[in-house]
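Student: Handing you this structure, nothing more for now.
The values are calculated or read from the model by the stated rules, or taken from the named source; none is laboratory data. This structure is a prediction, so every number in the text was calculated from the model and none was measured. No Cβ is skipped: glycine too gets one built from the backbone with ideal geometry, and neighbour counts run over all protein chains shown.
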Amino acid sequence: MRIIKNIQNFLMDQDYYIDIFNNCLHVYYYEELITLKDNLIELKLKEFKLVIEGINLLVSAMDNHEILIKGTINSLRFDR
């Protein structure tokens, strides 16, 4: 199912894509990693900042504009 969403996202040329599954947060098309702590990760996207708060957060995989975050996610917030 996730593969289908990824293909749709690529074909639709969206500005960003966020997928949550199995205590993981997968973000496509982020611009910058602003903050990286075990309880706070902040990502800059095109028009807002994504703030992830939780416990034992870690970056499991990372590419130029794609990131996989694992841990216990307590909250997600979109800041302008």
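Student: Only residues in region 65-80 that are part of a strand (DSSP E or B) count as the first member; pair them with residues that are surrounded by 13 or more Cβ atoms within 10 Å (Cβ to Cβ) and among the acidic types (Asp, Glu), Cβ under 6 angstrom, at least 6 apart or cross-chain, and list the lot.
Tutor: What qualifies is Asn74/Glu53; Ser75/Glu53.
Student: Inside region 21-80, can you point out the residues that are at positive phi and modelled with pLDDT under 95?
Tutor: Asn22, Asn23, Tyr29
Student: Moving to a separate point now. Quick one: how many residues across region 30-80 are crowded, with 16+ Cβ neighbours inside 10 Å, under 17 Å from Asp19 (Cβ atoms) and touching a Leu at 6+ places or on another chain (Cβ under 9 Å)?
Tutor: 12
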